[in-house]
Amino acid sequence: MRDDLATDERTAPAAESTPGPAVRVLSRLRLTTVYVLLLTVTATWLAGQSHAGRARFVRHNSSNVHHMEVGKWWTMITSALVVDGVPAWAGIAAVAVVLGLAEWRWGPLRAGAVFLFGHLGATLLTEGAMWAMLVTHIPGALSRARDVGISYGLVATATCLIALGPARLRRYGLPALALALAGAWATDQELADAGHLVAFGLGLLASCSAWLRARARTSH
C-alpha cells in the first residue's frame, strides 16, 4: 500500500505539468498569438480615444506617398497594427483564422513571410502607382491618402492558402475571391480596393515559391 502511494505521489506532478490542448495550440501559433495581442491592444487603446484622437493616429500611421517622401517608412509597419474598414473584432478574428491556419500549416517563418510580402508589396505597388499619378498630374491622386489596415497581408495569405489547398478549393475558391475583390473595386474604386487586387496577385505569386510549396506538401 505504501509503495502504491509513493508511486502516485511521484507521478502526480508529471501529470499536472502536462500542457492542455489550448496551451499546445498557442505554443504552435506563437506568431499569430503575438500579432492578435498587438492588434487587440491597439484596438482597445483606440476605442478609448476621442474621434479626433483616432483620426490623428490613423493619419500619422498611414503608409501614403507623403510619408514615403519625408522618410517615414516605419508607417509601412505601424499601419498593419490598425484594423480599419471593418469592426475591430471582425478583423482580429480574420487574422486569427487566416494567419493561424497559415502558421499551423507552414510554420511561423513562412506564414509571416507571406503576410509581410502581401502587406509590404501591395503597399509599395499601390503607393508607387499613386506617386506616378501625382507626378503625371492625373486627377484623383492623393499624396496623403488614408492607408492603414491588415487587409493586404490578409488577402495575400488567404489567396496563398487557397492556391496551395486541395484542387477543388483552388478551382472554385480562387475565382470566387478574385470576383469578390474585383467587384468591390468596381463599386468603390478606392485605393484599398485596388490594393486588395494587387495583394491577391502577390498571394498567387507567393504560392509558386518552391520554398513554400515544399512545406505545404509535407503539411498535408
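With respect to the conditions (1) open to solvent by 20 Å² or more (accessible area, probe 1.4 Å); (2) over 18 Å from the mean Cα position of the chain (by Cα); (3) not polar (S, T, N, Q), R105 falls short on a single one, namely (2). Whether any residue in segment 148-167 is over 26 Å from S62 (Cα atoms), open to solvent by 20 Å² or more (accessible area, probe 1.4 Å) and within 20 Å of the chain's Cα centre (by Cα) is what I want to check. Scanning segment 148-167, I find at least one residue that is over 26 Å from S62 (Cα atoms), open to solvent by 20 Å² or more (accessible area, probe 1.4 Å) and within 20 Å of the chain's Cα centre (by Cα), so the answer is yes. Of everything listed in (1) at pLDDT 90 or above; (2) assigned to a helix (DSSP H, G or I), the single unmet condition for V83 is (2). Do we find a residue being hydrophobic (A, V, I, L, M, F, W, C), over 20 Å from the mean Cα position of the chain (by Cα) and more than 22 Å from G203 (Cα to Cα) anywhere in segment 71-85? No. For segment 168-202, the set of residues classified as out of contact with any Ser or Thr (no Cβ under 7 Å at 6 or more places or on another chain), open to solvent by less than 40 Å² (accessible area, probe 1.4 Å) and within 20 Å of L120 (Cβ to Cβ) consists of L181, D193, A199, G201, L202, listed by residue number.
So how many residues does segment 186-212 have that are more than 18 Å from the chain's Cα centre (by Cα), free of Cβ contacts under 8 Å to residues at least 60 places away in the same chain and under 16 Å from A156 (Cβ atoms)?
Final tally of qualifying residues: 2.
V86 falls short of the stated requirement of being open to solvent by less than 40 Å² (accessible area, probe 1.4 Å) and out of contact with any strand residue (DSSP E or B) (no Cβ under 7 Å at 6 or more places or on another chain). Taking the criterion of being part of a helix (DSSP H, G or I) and loosely packed, with under 12 Cβ neighbours inside 10 Å, the residues of segment 38-59 that qualify are V41, T44, A47, H51, A52. For segment 114-142, the candidate set comprises residues that are open to solvent by 40 Å² or more (accessible area, probe 1.4 Å) and more than 18 Å from A194 (Cα to Cα); within that set, the residue that is modelled with the lowest pLDDT is H137.
The values are calculated or read from the model by the stated rules, or taken from the named source; none is laboratory data. These figures come from a predicted structure and were not determined experimentally. For neighbour counting, all protein chains shown are included, and Cβ atoms are generated from backbone atoms with ideal geometry for every residue, glycine included. Protein only, heavy atoms only, side chains kept; ligands, DNA and RNA dropped before computing areas. Shrake-Rupley method; radii C 1.70, N 1.55, O 1.52, S 1.80 Å.
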